[in-house]
Structures are given as C-alpha cells and as structure tokens.
Amino acid sequence: MGLFDALSVSGSALTTERLRMDVTAENLANAQTPNYRRKEVVVKEAFDQQLGKAMGVQATGIVNDPAPNKQVYDPGNPDANAQGYVSMPDITSVTEMVDLISASRAYEANVTAMQTTKQMFSKTLEILR
C-alpha cells in the first residue's frame with residue numbers, strides 16, 4: 001500500500017464516520033418526535049475491482065431501523081391515532097451515545113493515521129533531497 005492509498009483509505013473512513021456522527025445526532029435530536037424512525041448508516045468495504053484491493057469504506061445509505069416504534073397513549077396529542085396512541089421512536093440515549101462515542105473514536109483514529117502518513121511522506125521527501 002502506497003502513501004496515497006493510505007490517505008485515501010483514511011479519508012473515506014473520515015467521511016463515513018462523520019456521517020455516522022451526524023445520523024446519531026439526528027436520532028438524539030428527534031428522540032421525542034412523534035412518527036420519527038431511528039436511522040442507521042449502512043457501511044461497506046470499498047473495493048477496487050481493477051486493482052483487486054480494498055480502498056477503504058463507504059456509506060452505502062441511511063436506512064430506518066426495522067424495530068417498530070413505541071405506542072404511547074396520549075389522546076390529547078394532535079398526532080394521536082383514533083385509539084389515542086402516538087407512535088414514538090424507540091430511541092435510547094445510552095445506545096445513541098455509545099454509537100456517537102464509537103464513531104468519534106474511529107474518526108480520531110483515522111485523523112491520527114492521516115497525520116502519521118503525512119509525516120512519513122514529509123520524511124521521505126527530506127531523505128530524497
């Protein structure tokens with residue numbers, strides 16, 4: 001793997017982890033919003049068929065969590081159905097915070113990898129002078 005490949009891999013991971021943090025923040029912000037569905041980022045390995053090697057990761061999409069929403073009895077709510085139930089998202093702040101910390105740590109690790117690659121590139125150029 002070359003230096004530019006390492007930068008490309010880390011760059012793709014930074015983009016993906018940033019998206020994961022944005023989606024998690026959206027879930028936390030909408031935890032009490034009626035009819036909102038928890039979202040998840042689908043991530044897969046980016047593979048270059050011509051070169052026959054992995055090129056990092058990429059987000060292939062954002063999907064709604066398949067778990068059903070909670071039904072909360074609140075007949076005074078304007079979003080309530082005919083039986084008086086409101087569909088509330090099944091979002092727990094602990095799960096979302098764990099996801100946020102995980103994405104944040106992965107982001108930090110990839111920033112460190114990019115900085116190390118950049119330092120190696122600089123040292124290589126100094127040696128060649």
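Brief remarks follow.
- Strands (runs of 3 or more DSSP E) (entirely within segment 14-127) containing at least 1 residues that are under 23 Å from PHE4 (Cα atoms) and over 13 Å from the mean Cα position of the chain (by Cα): 39-48, 53-64
- For segment 91-124, a residue qualifies if it is surrounded by 14 or more Cβ atoms within 10 Å (Cβ to Cβ) and of a type in the set (Asp, Glu), and the qualifying residues are GLU96, ASP99.
- Cβ-Cβ contacts under 9 Å between residues 6 or more apart (or on different chains), taken from a first residue in segment 105-129 that is under 14 Å from GLY56 (Cβ atoms) to a second residue that is of a type outside the set (S, T, N, Q) and surrounded by fewer than 12 Cβ atoms within 10 Å (Cβ to Cβ), are listed as THR117/PHE4.
- Condition check for PRO89: over 15 Å from VAL9 (Cβ atoms) and in contact with a Gly (Cβ under 8 Å, 6 or more places away or on another chain): no
- Residue match in segment 75-85 (condition: modelled with pLDDT under 95, among the aliphatic types (A, V, I, L, M) and under 18 Å from LEU19 (Cα atoms)): no
- The condition of being surrounded by 14 or more Cβ atoms within 10 Å (Cβ to Cβ), touching a strand residue (DSSP E or B) at 6+ places or on another chain (Cβ under 9 Å) and farther than 28 Å from VAL98 by Cα holds for only one of ALA80, ALA31, ALA59, that being ALA80.
The values are calculated or read from the model by the stated rules, or taken from the named source; none is laboratory data. Quick caveat, the model's predicted, so the values are computed rather than measured. Every residue, glycine as well, gets a Cβ built from its backbone with ideal geometry; the counts of neighbours run over all protein chains shown.
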